[in-house]
Amino acid sequence: MTWQPVTVKLRDGRVLTVRAIRADDRDALQTAVRALSPDARYSRFFSPLRELPAPLLERATRPDADSELQLVAVVGDTIVAGARYAGTAEPTCCEFAVAVLDEWQRCGLARRLLEELMRTARARGFHHMEGYILSSNVGMLGLAKRLGFAPVPSPEGPTVRLMRCDLDAVG
């Protein structure tokens with residue numbers, strides 16, 4: 001199943017393209033990670049990293065088509081957001097993550113990316129999606145709830161919430 005690019009018009013009127021990542025996006029992805037604010041990087045990676053280590057960059061730009069999808073939102077050749085899901089140890093479950101450059105936040109982009117991940121994961125046979133979200137990331141927690149995710153016990157303790165969605169019950 002090939003993911004087809006879509007043109008997206010955001011609430012603020014800006015237009016961009018959402019597409020699957022490509023191997024040649026390596027430098028653009030690293031540039032995007034470096035452009036994230038320290039808070040945005042920490043919210044996405046749960047660490048203060050400044051750039052992706054080579055193995056993580058390789059995995060991000062060459063996802064396993066059977067169990068992963070990595071989307072990027074681009075304006076021209078510039079990546080302004082990314083979202084991914086990857087299968088978990090539970091065969092019918094996948095885990096999501098989303099990162100949006102600060103100047104592109106609060107305009108509906110994270111929602112659109114997560115909706116695309118959910119739709120594609122469901123079409124590819126996943127029944128559940130989950131994501132680890134910092135308890136302090138109230139915007140992402142609210143978005144997850146609006147899209148049908150609910151909190152479940154988190155093995156990470158009180159600072160990290162685990163949100164889970166039954167993909168068959170939404171959308």
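The values are calculated or read from the model by the stated rules, or taken from the named source; none is laboratory data. Please read these numbers as outputs of a predicted model, since none were measured by experiment. Neighbour counts run over all protein chains shown; Cβ positions are idealised from the backbone, glycine included.
Residues checked against (1) in a loop (DSSP other than H, G, I, E, B); (2) touching a residue at least 60 places away in the same chain (Cβ under 8 Å); (3) surrounded by fewer than 15 Cβ atoms within 10 Å (Cβ to Cβ); (4) polar (S, T, N, Q):
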residue	(1), (2), (3), (4)
L114	no, no, no, no
T120	no, yes, no, yes
Y132	no, yes, no, no
G139	no, no, yes, no
G142	no, no, yes, no
E156	yes, no, yes, no
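Please tell me if F126 is surrounded by 13 or more Cβ atoms within 10 Å (Cβ to Cβ), in a strand (DSSP E or B), modelled with pLDDT of 95 or more and among the aromatic types (F, W, Y).
Considered against the rule, which asks whether it is surrounded by 13 or more Cβ atoms within 10 Å (Cβ to Cβ), in a strand (DSSP E or B), modelled with pLDDT of 95 or more and among the aromatic types (F, W, Y), F126 comes out as no.
Every residue in the stretch 87-102 that is surrounded by fewer than 23 Cβ atoms within 10 Å (Cβ to Cβ), over 16 Å from L36 (Cβ atoms) and under 10 Å from the mean Cα position of the chain (by Cα), please.
Listed by number, the list holds a single entry, E95.
Please determine, by comparing only the residues of the stretch 66-85 that are assigned to a loop (DSSP other than H, G, I, E, B) and without any contact (Cβ under 8 Å) to a residue 40 or more places away in the chain, which one is nearest to the chain's Cα centre (by Cα).
Per the stated criteria, the residue is S67.
Could you run through the stretch 15-58 and say how many residues are at pLDDT 90 or above, touching a strand residue (DSSP E or B) at 6+ places or on another chain (Cβ under 8 Å) and part of a loop (DSSP other than H, G, I, E, B)?
2
If a residue has to be exposed (fewer than 13 other Cβ atoms within 10 Å of the Cβ) and without any contact (Cβ under 8 Å) to a residue 40 or more places away in the chain to count, how many in the stretch 17-38 make the cut?
5
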